[in-house]
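K.L.:
One structure is given below, represented as C-alpha cells, and several questions about it will come after.
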Amino acid sequence: MARLYRDHVQPFAHQVTTDVLGNVSAVINPDAAFRFMYAGHMGRLDLGKGPGISRGVNTNPVVFDMLIASAQDRAIPFQR
C-alpha cells in the first residue's frame, strides 16, 4: 500500500519520505516558507479512490477548501 501511494504521489511532489511506521509524506516546495504536505497514513486509504485530503489542527481552512475545490474542478478523486 505504501509503495502504491508513494508511486502515485511522486510525480506531484518535490520530496517524498517514508517513516519507520510506513507512513508516506510528500511535500511541494520543501524549502519554502509556504509549502504543501501530502500525508499517506497507511491503513486509512482505500485503493483506487485517490489520495486523502484531511484537515489537521495546523491546516488553514481556506487552503483546505482550495485543495478540495481544485481536486473537484479537475475531477481528481480524493478521500477525506
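K.L.:
State whether the residues of the range 36-43 include one that is at pLDDT 80 or above and open to solvent by 40 Å² or more (accessible area, probe 1.4 Å).
P.N.:
Going through the range 36-43, the residues at pLDDT 80 or above turn out to be none.
No, there is no match, as no residue in the range 36-43 is at pLDDT 80 or above and open to solvent by 40 Å² or more (accessible area, probe 1.4 Å).
K.L.:
Among the residues of the range 57-74, how many are surrounded by 10 or more Cβ atoms within 10 Å (Cβ to Cβ), of a type outside the set (Asp, Glu) and modelled with pLDDT of 80 or more? Walk me through how you get there before you give the answer.
P.N.:
The first filter runs over the range 57-74 and keeps only residues surrounded by 10 or more Cβ atoms within 10 Å (Cβ to Cβ), leaving 59-60, 63-72.
Next, from what is left, pick out any that are of a type outside the set (Asp, Glu): 59-60, 63-64, 66-72.
When the remaining residues are screened for being modelled with pLDDT of 80 or more, the result is 60, 63-64, 66-72.
Matching residues across the range 57-74 total 10.
K.L.:
Give the number of residues within the range 2-32 that are crowded, with 17+ Cβ neighbours inside 10 Å and touching a Leu at 6+ places or on another chain (Cβ under 8 Å).
P.N.:
Adding up the residues that qualify gives 1.
K.L.:
Suppose we filter the range 61-80 for residues that are within 12 Å of the chain's Cα centre (by Cα) and aliphatic (A, V, I, L, M); how many remain?
P.N.:
Count: 3.
K.L.:
Evaluate the following for residue 54: is it at pLDDT below 85, surrounded by 10 or more Cβ atoms within 10 Å (Cβ to Cβ) and either part of a loop (DSSP other than H, G, I, E, B) or small (Gly, Ala, Ser) (or both)?
P.N.:
Details: at pLDDT below 85: yes; surrounded by 10 or more Cβ atoms within 10 Å (Cβ to Cβ): yes; either part of a loop (DSSP other than H, G, I, E, B) or small (Gly, Ala, Ser) (or both): yes.
So residue 54 passes the test.
K.L.:
Moving on. Restricting attention to the range 1-29, which residues are outside any helix (DSSP H, G or I) and among the polar types (S, T, N, Q)?
P.N.:
Step one: of the range 1-29, the residues outside any helix (DSSP H, G or I) are 1, 13-29.
Result: 15, 17, 18, 23, 25, 29.
The values are calculated or read from the model by the stated rules, or taken from the named source; none is laboratory data. Just so you know, these numbers come straight off a predicted model, no measurement behind them. For neighbour counting, all protein chains shown are included, and Cβ atoms are generated from backbone atoms with ideal geometry for every residue, glycine included. Heavy atoms of the whole protein, side chains included, go into the accessibility calculation; ligands, DNA and RNA do not. Shrake-Rupley method; radii C 1.70, N 1.55, O 1.52, S 1.80 Å.
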